[in-house]
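Report on the structure given below.
The values are calculated or read from the model by the stated rules, or taken from the named source; none is laboratory data. Bear in mind that the values here come from a model prediction, so they are computed numbers and not experimental data. No Cβ is skipped: glycine too gets one built from the backbone with ideal geometry, and neighbour counts run over all protein chains shown. Side chains included, ligands, DNA and RNA excluded: accessible areas come from the protein's heavy atoms. Shrake-Rupley method; radii C 1.70, N 1.55, O 1.52, S 1.80 Å.
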Amino acid sequence: PQMEKWTFNDILAAFAMWSVMMIAMMLPSAMPMILIFSTVNKKRSESGKSFVPTWIFIFGYIIIWISFSLIASLLQFILHNLSVISDELKLMNPFASGIVLIAAGIYQFTNIKYVCLKNCQSPLSFVLNYWKEGKIGALLMGIKHGFYCLGCCWILMALLFVAGIMNLLWIAIIALFVFLEKTIK
């Protein structure tokens, strides 16, 4: 493991890395929701309601994943300072890795996961149940959808500490799994 203490710039770099990675992994899986929001918003605008740019909804969604990225980068900082993360940016302790793997498997079958996934799999239902008017409403909808998405996928992102935080193969596999899980009922 790297033995040097992290500086503020190291933490900032980890935060930037996590933020870019989370947006790249999670935004494609949110596209069905974004497209439904955009379509419903356009139809409402055509009938005289106020139009809200879709990017405001997306920004709300991204706020959640940026927040998660802050937590993940702080966890990475802690693991680094405890010298339990390798140069490949994965947990060195097989017992700790096993706990993360088992927890991820168990979480897949919990009610929390089911409720969150249900809201992610049904974009039209989400829009009909949680629609809020105006820019603040769109932002809050994006945040709410982001929370459901986070509830669905946070433990899958924790698997990166087992496979290697920057292991591109596992990043792609997890991103594909998330996309399929959200789009196939």
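Assorted remarks:
- The reciprocal of the average 1/r between distinct C-alpha atoms defines the Kirkwood hydrodynamic radius, which for the chain equals 17.5 Å.
- For Ile64, the accessible surface of its heavy atoms amounts to roughly 10 Å² (probe 1.4 Å, protein chains only, rounded to the nearest 10).
- Rounded to 10°, Cα long-axis angle of helix 134-158 versus longest principal axis of the chain: 30 degrees
- The range 1-114: relative contact order as a whole-number percent, Cα under 8 Å and 6+ apart: 39 percent
- Between the C-alpha center of the range 115-185 and that of the range 17-57 there is a gap of 13 Å.
- Computed FRET value (nearest 0.05) for Ile112 with Ser47, which takes r as the C-beta separation and R₀ as 25 Å: 0.10
- Multiplying the residue separation of Glu88 and Asn129 by 0.36 nm and subtracting their alpha-carbon distance yields 10.4 nm.
- The C-alpha atoms of the chain define a longest principal axis, and helix 54-81 lies at about 10 degrees to it.
- Accessible area of the chain belonging to carbon and sulfur atoms, whole % at 1.4 Å probe: 73 percent
- To the nearest 10, the accessible area of His80 is 10 Å² with a 1.4 Å probe.
- Between helix 168-183 and the chain: long-axis angle, C-alpha atoms, 0 to 90°, nearest 10: 30 degrees
- Charge sum, other residues only, whose C-beta stays under 15 Å from Asp10's C-beta, Lys/Arg counted +1 and Asp/Glu -1: -1
- 1.4 Å probe accessible area per residue over the range 85-150, in Å²: 58 Å²
- Filter on Lys42/Lys118; Lys90/Lys182; Lys43/Lys182; Lys113/Lys185; Lys90/Lys144; Lys132/Lys182 - keep pairs with C-alpha separation over 20 Å: Lys42/Lys118; Lys90/Lys182; Lys43/Lys182; Lys90/Lys144; Lys132/Lys182
- Across the range 110-177, the mean sequence separation of Cα contacts (distance under 8 Å, 6 or more residues apart), normalised by length, yields a relative contact order of 31 percent.
- Projecting the Cα positions of Ser83, Tyr107, Ala13 onto the charge dipole of the range 1-123 (unit charges on Cβ atoms of Lys, Arg, Asp and Glu, taken about the Cα centre) puts Tyr107 furthest along the positive direction.
- Dipole moment magnitude, nearest 20 debye, the chain about Cα centre, only Lys, Arg, Asp, Glu C-beta charged: 860 debye
- Exposure of Tyr61 as accessible area (Å², to 10), given a probe of 1.4 Å and all protein chains: 10 Å²
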